[in-house]
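For reference, the structure is listed below as structure tokens.
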Amino acid sequence: MTSNILQNVNPKLFLKCDQRLITDEELNDDVRDLFDEREVFDLIRNINDPEHPLTLEELHVVDIDNIMVDNDNNRIEVLFTPTIPHCSLATLIGLTIRVQLLRSLPSRFKVRVKISPGTHNSENAINKQLGDKERVAAAMENSTLLETINNCIATVEKTTKQF
Amino acid sequence: MSAMDLLHIFRNSKDLTNLTDAVVAEIETGDLTVLKLVEILGPWLTNTDKNQRKQGTSLLASVLKLIPTRLLQEKECLFMVTFFCNRLQDHFTISPYALEGLAALTAMDNFSDESPIEIIKALQENITCQALTQPQRRDIYLILYNLLNKKSKKISTDFPSDYLYTLISGMDSEPDPRNLLFLFSFLPKAFTEIPLKHLAEEAFAVLECYFPVDFTPVEEKGNITRKDLARGLEACLVANPAFAEYCIPVICDKMESSLKVAQMDSLSLIIRASSSWNLEFLNPFIKRLWYSIKDVLIPGNDPEVALLAGEALTSILGAFSTAVLSESLTESLTFLLDSIISSTHCYLSNPSLSLFLPTLRLLHNIIAVSSTTAVFILPKILPQLLALLEVNSDQSDVILKALSPILVSSVKFDCWESDTCQEHLYKFIPIILKTIEDDKCRGSGFACLTAVLNKLPDDKRLSLYKAIPTIACSESFHSCREEFSRFIRKLSEEYTLEVETNLIYTFKISEEFNATEVKNYLEVLTWTVDYPLLTEASGKVLLNHIIQKELASWRTHVIFVLRDYLNKTDVKVLKCLSSVCGFPEKLLHFYFQNITEEYGEVESVAAIVMRIVQSLDIEEQRTLLKTGLELFDKSIAMNDSPCNQLVLLEGLACGLRKDVEIENCLHLSTCLIEYSITAHSNVSQTSAARLLAVFINKLSNEYELSKILELARLKIKANPSPSSVRLSAWITKSLILRGYYPPCDDWLVELFNLVPDPVFGMNAADCVCLLLKECPYLSEANHCNIGLLYKQRIFQKINLLISQDGKPKKSSSLAVAHMLKYSPTILVLGVINELTGMMVHCLESDDCSITLAILETLSSLLEAGVEVLCTLAESFIPRFILLAQTSSYMAVRQEALNCIYLYGKYDSMDMLPYKTKVLAGLQKCLDDKKRLVRQSAVKARTRWFLI
């Protein structure tokens, strides 16, 4: 999927946030922990960028402030920001985020993955692609594409702390 | 055996080669000579039938291979060489045996000086190596190898080109990895010792065709790896500097390849070449090499290639650092360094860009090569870094982190005295001093400060001492602890008296400090204890904070900090704390007189005392023990019931050496037996039981030992209680560790027989952990006897726990679960098939501790990748899924999910049949009510999707 010539040679790096601290409530078996933005962010922050050996969090492609979780209506919306407006890998990144969320969240949630408004030249087209269930399902049938996505997701496990 | 007899045997034999061993034996005993053998074999060797000639030559070659190398005289060798060289002209079925014979002859001790040229000429005239089979080609290489080893001087002076030509033409297009590896093992010697002359290009050409090595290991061909061949080839390619003019263009061509292996091998070759060849040979190609390296260096597509490219560049610069620089070499070096600066300059503009740190890392590696590179590079980058520090205050941490190793090199190469660097370097000092006031970049600030400590003006350095309490009390203390401790340690090492005056003697805990701040400040003080000249001063300050009434409010903190510190420090400091500061004695004196109810504090004091006592020698221990026991007796006499005194006594007596006699040991042991069952607190009971166990483990008097055991047995029988079960377990563990057979087996059986007991069964089951877990009290550090394989002895009795009829009891399941959890993996594997049913039963238990212990055992086995669990996946995976979905205990659900995750790491082909079931099963866990369980479920599910 990726060519040998890098599209963004020297992207800007951002600091990674610390591991989520475990609260007493989280250790209490009787308390129900609701899904929150940080939990969804932790699912996708360590996905690898297809172009660099850097995570989406380090490149600021995903940010906790761009995640909306509505537990009452079972809705989750994630906005991501490509590092450059003409990034041809934006669809792949969006698809990877979408696949990781589909695999990691309960099916009761309706998940939407979109590009942050005004951050990409083909924003509408990509949003449409990512919102189309049929097209996402068809993409998942493509073994080459699936392998690329799995390669990006494989790093999640290496960087996720096991409690 | 006479010649006639031998001839007769030969004639009667269908195949002469069957007689090899017999002939070798005859030659070894001296009954037969090789020349005589040739004479006897005359009818075969001169036969008109090629098969007969083949048989004779084959026997002769086999015999030569097997006889000792010293047996043949020079003339015999000469004769045999001529004979086999003639045989090379014979039928193609005979020449392989002639080669075999020549290979054997060239290895002889008395191999003649005149033979090499004869062999070389015969090979040149009669043999086409490429037409032979692999073993035959190997024989030719073996001949050449032997010639090189034995007659390299003769070859070098008389016929170097003939030898080299035979070698080069022989190995041309060699396809077999075994032969190639053999060739690569001696080609470097050949190309170094034999003058290449006009054959340099040809010699390089036969090697070049293999570069870069592209090869997949084949089992039939010796499982030689690509790496073996690549490293072998590399050594050959750099063997002679005459190859440089051919080699470097090839390297540059291959660097342009998109194949990673080509780039990696080329870079590796550059590294090897720059350390092997004189710089004069590299110099004409410096520009070309730089352009090739630059393409993969920064920004490189592949981090591994970029890293190796950096290494290649530094190795070239390293060659410049050791050479005498001529005008042209200086020009090349300047070109190289200028090019590096101009190519990397643009990446230093913004610290938040991804290439900023890799670029600075590369520049640091270049600076670290030599003072020349440092003095050249530093003035170019320091102003830029200085400007960045002034402008990007929020990125100071990143810049300082990269700067600290650069500053270390600058000090190492005395750049602070250089006219070009001095000005810039000194400008950093006020900035670094300022950064340590900032919480965000204090750690990196201290790293830089440690690097330039000797360059700090005295007044600036002295002013830092006042800031130490503030830094210790700051929130950033934990994030900068490592760098800060390194700074204080270096300060202690280099400015000892100054630290003593300004840090240790002025150490004062303010009333305004909170608990964490006090601990941090005390920790800073402990960093100075390591330096012999400061141990006494800082040790006394710490001790005063424990025993002086006016400082009493900080006592508990001092004890906890000191305990942590002593666990990490070495024996010398411990001994010094005892001999110079009187630590254990004063602590015991104080605490026995002022016994506190606070268990945590007393337990830490006991741990401190134990740690110091362990390090003392016998005499010191005797003196301390005498004083300690007197204090203990007094304290016991003053209090009705011993409480924390037993904990202190344990600290004092556990670490004693075996040769330290305990006065009235029998009486003390009797008291300990009593205390371990009847003492008021659980803590005292445990301390008494543990101390008794340590005594029993080290006691050399057999009579006293059996007496104590008898007393203990009677007491335990008379007082059945959880504490007597625990005492029994401690004694059992002590005896097993000591290897005191057979009584230890009796004690063990008695303990295990108690497991099904309806009243004390669960206590006995819990004691299985105690038996198998490592224990800091019964340890080698405490000079205890620790027998080999003691866990195996306990594990042998597992049948006592599982052989009960019918459904196993809860206590038995718990005992087995503990046994499996704490036993070595190898033991568990031995019984895992028999215990599968029991384990599955335990997984279905409603007792959380049983299920959890089994899950933890399985997870550690799965983590180790134990193969047998792959075959048991069908039994375990459905249970794990069920537990993950339905268990009401969060820890069980998490551990079950962890086991599923670990199964996901097994071979994909084995796990594929379970994939659908696992993914569907884990779907439910994604909606678990606990976040931590959901995290484990996500981790497991993500892993299984990759199968």
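The values are calculated or read from the model by the stated rules, or taken from the named source; none is laboratory data. Given the structure is predicted, the values throughout are model-derived calculations rather than measurements. Heads up, the Cβs are rebuilt from the backbone with ideal geometry, glycines too, and the neighbour counts pull from every protein chain shown. Accessible surface is based on the protein model in full, side chains and every heavy atom, while ligands, DNA and RNA are left aside. Shrake-Rupley method; radii C 1.70, N 1.55, O 1.52, S 1.80 Å.
Key figures
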quantity: Breaking point among (1) under 25 Å from B:Glu208 (Cβ atoms); (2) more than 13 Å from chain A (Cβ to nearest Cβ); (3) open to solvent by less than 70 Å² (accessible area, probe 1.4 Å); (4) out of contact with any helix residue (DSSP H, G or I) (no Cβ under 6 Å at 6 or more places or on another chain), for B:Ile340; calculated: (1)
quantity: Only one of B:Lys698, B:Lys715 that is over 40 Å from the mean Cα position of the chain (by Cα), open to solvent by 10 Å² or more (accessible area, probe 1.4 Å) and in contact (Cβ under 8 Å) with a residue 40 or more places away in the chain; calculated: B:Lys715
quantity: Filter pass, B:Leu652 being in a loop (DSSP other than H, G, I, E, B), under 26 Å from B:Gly739 (Cα atoms) and not hydroxyl-bearing (Ser, Thr, Tyr); calculated: no
quantity: Condition met for B:Ser811 (among the hydroxyl-bearing types (Ser, Thr, Tyr) and assigned to a loop (DSSP other than H, G, I, E, B)); calculated: no
quantity: Near pairs, Cβ below 7 angstrom, 6+ apart or cross-chain, from region A:92-106 (at the interface with another protein chain (Cβ under 10 Å from one of its Cβ atoms) and of a type in the set (Gly, Ala, Ser)) to any residue that is open to solvent by 10 Å² or more (accessible area, probe 1.4 Å) and assigned to a helix (DSSP H, G or I); calculated: A:Ser104/A:Leu43; A:Ser104/B:Val938; A:Ser104/B:Arg941
quantity: Residue ID - most open to solvent (accessible area, probe 1.4 Å), chosen from residues in region B:346-369 that are of a type in the set (S, T, N, Q) and within 14 Å of chain A (Cβ to nearest Cβ); calculated: B:Ser349
quantity: Residue pairs meeting the criteria (Cβ under 6 Å; at least 6 apart or on separate chains; first over 12 Å from B:Phe243 (Cα atoms), in region B:200-221; second loosely packed, with under 13 Cβ neighbours inside 10 Å and at pLDDT below 90); calculated: B:Pro217/B:Asn223
quantity: Subset of region A:17-28 (residues that are closer than 15 Å to B:Gln935 by Cβ, facing another protein chain (nearest Cβ under 9 Å) and in a loop (DSSP other than H, G, I, E, B)); calculated: A:Arg20, A:Ile22
quantity: Enumeration of residues in region B:482-514 that are touching a residue at least 40 places away in the same chain (Cβ under 8 Å), surrounded by 14 or more Cβ atoms within 10 Å (Cβ to Cβ) and part of a helix (DSSP H, G or I); calculated: B:Glu483, B:Phe484, B:Ser485, B:Arg486, B:Phe487, B:Ile488, B:Arg489, B:Lys490, B:Ser492, B:Asn502
quantity: Test: B:Ile854 is within 13 Å of chain A (Cβ to nearest Cβ), β-branched (Val, Ile, Thr), surrounded by 22 or more Cβ atoms within 10 Å (Cβ to Cβ) and within 32 Å of the chain's Cα centre (by Cα); calculated: no
quantity: Helices (runs of 4 or more DSSP H) enclosed by region B:370-465 - at least 2 residues per element that are among the β-branched types (Val, Ile, Thr) and surrounded by 15 or more Cβ atoms within 10 Å (Cβ to Cβ); calculated: B:371-391, B:396-412, B:419-435
quantity: Conditions (1) open to solvent by less than 40 Å² (accessible area, probe 1.4 Å); (2) part of a loop (DSSP other than H, G, I, E, B); (3) under 30 Å from B:Ala607 (Cα atoms): number failed by B:Glu774; calculated: (1)
quantity: Segments classed as helices (runs of 4 or more DSSP H), wholly inside region B:873-947, with at least 1 members that are within 9 Å of chain A (Cβ to nearest Cβ), surrounded by 23 or more Cβ atoms within 10 Å (Cβ to Cβ) and in contact with a helix residue (DSSP H, G or I) (Cβ under 7 Å, 6 or more places away or on another chain); calculated: B:890-903, B:931-945
quantity: Candidates B:Leu587, B:Leu574 - the one that is of a type in the set (A, V, I, L, M, F, W, C), modelled with pLDDT under 90 and more than 13 Å from B:Leu652 (Cβ to Cβ); calculated: B:Leu574
quantity: Index of the failed condition, B:Ile854 passing every other in (1) at pLDDT 85 or above; (2) within 30 Å of B:Glu780 (Cβ to Cβ); calculated: (2)
quantity: Helices (runs of 4 or more DSSP H) enclosed by region A:44-163 - at least 3 residues per element that are open to solvent by less than 20 Å² (accessible area, probe 1.4 Å); calculated: A:90-104, A:143-159
quantity: B:His545 touching a residue at least 24 places away in the same chain (Cβ under 8 Å), open to solvent by 30 Å² or more (accessible area, probe 1.4 Å) and of a type outside the set (D, E, K, R); calculated: no
